[in-house]
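Below: the structure, in structure tokens.
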């Protein structure tokens, strides 16, 4: 009776009164994440690309846009698939002397890149484009150009109308960006900066402004540059939809595109293993913090793997126990052309390492036997009194 009376009261109330709508989980069909760059950029999701000044974040992202517009290869060697369109909004770089030359240097299909330069009404009145207010207008734009694979917002803080340090302001402001990504099945990448004094802390927490930026983004990518070197790295600092570790190295190089026009472009290096904190820690360490390579980390890694494959975790544990940095371990892997193989899924994924001659047996690695680890450390010239199992 009480339920019926409540229903009657609801029917008599004003239509402006709202109630909660729910959907049974059983009626929702599960779908897989739709990747643009598998593991890195997802269709319909918001991403943050952050780093300190001088890391070449804009040039890096323009390089990825070149891959999208040409259907080329991603930095990890995977194939992009069919070409797509890109939208670019930048308040910091001039299209004519910076953005277009860099896109050309990267080999982008310029016909597929559309640079936002303002808004216009039916009377022909023009105004600057304001990402804090005008994101909804991009729906029509996306339809007119035949769909959008990626929207670049540089900087992402320009989409925030209120205080970028207040979580509620950031969440309200970025909801329109999140909606655009979902409605257009488009990867949105917002460029941001690192807050000062955050070196050594969690990379995702170093993004300037409220932590809501990192919380709303499904993936946070971070970039860093080695002091007094051209060496740079791109790493996954956080992902709610995939793996949140690993990275790739890259450099920014000058390029003459003709007509006396100088530009810069990204050149990609190798894939890097490890967490974002480890990867950035290696690159951002001072010279005093880096160990001398004269003790040949490649030789130590060869001895460790000489009796057969090991899990990557155990191999790295042995190397770090011997005093080698993550950078030295990566260099040793590259010098030895270490073969890696994955087994399992998700949190149960196991990566094995083996020397090239063990290629035929890379899927069968040894369990982490404590005595074997002890002997391997001794073989790597570490005293037994220094080993802590």
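Values in this text are rule-based calculations from the coordinates and carry no lab data. None of the values given here were measured: they were computed from a predicted structure. Heads up, the Cβs are rebuilt from the backbone with ideal geometry, glycines too, and the neighbour counts pull from every protein chain shown.
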Label-point separation in nm, residue 243 to residue 335, each point 7 Å along Cα→Cβ: 2.5
With a Förster distance of 41 angstrom and the Cβ-Cβ distance between residue 91 and residue 228, calculated FRET efficiency to the nearest 0.05 equals 0.85
One finds, for residue 343 and residue 34 with R0 = 45 angstrom and r their Cβ-Cβ distance, a FRET efficiency to the nearest 0.05 of 0.95
The alpha-carbon pair-distance distribution computed for segment 73-228, with 5 angstrom bins and whole-percent values, is 2, 8, 15, 19, 20, 17, 12, 5, 2, 0, 0
Percent relative contact order for segment 35-284, counting Cα pairs under 8 Å at least six residues apart, stands at 24
Most packed first (mean Cβ within 10 Å per residue), the peptides 216-226, 111-121 order as 216-226, 111-121
Relative packing of 156-162, 102-108, 64-70, which averages over residues the other C-beta atoms within 10 Å, highest first: 64-70, 102-108, 156-162
With R₀ set to 56 angstrom, the calculated FRET efficiency between the beta-carbons of residue 122 and residue 302, to the nearest 0.05, is 0.20
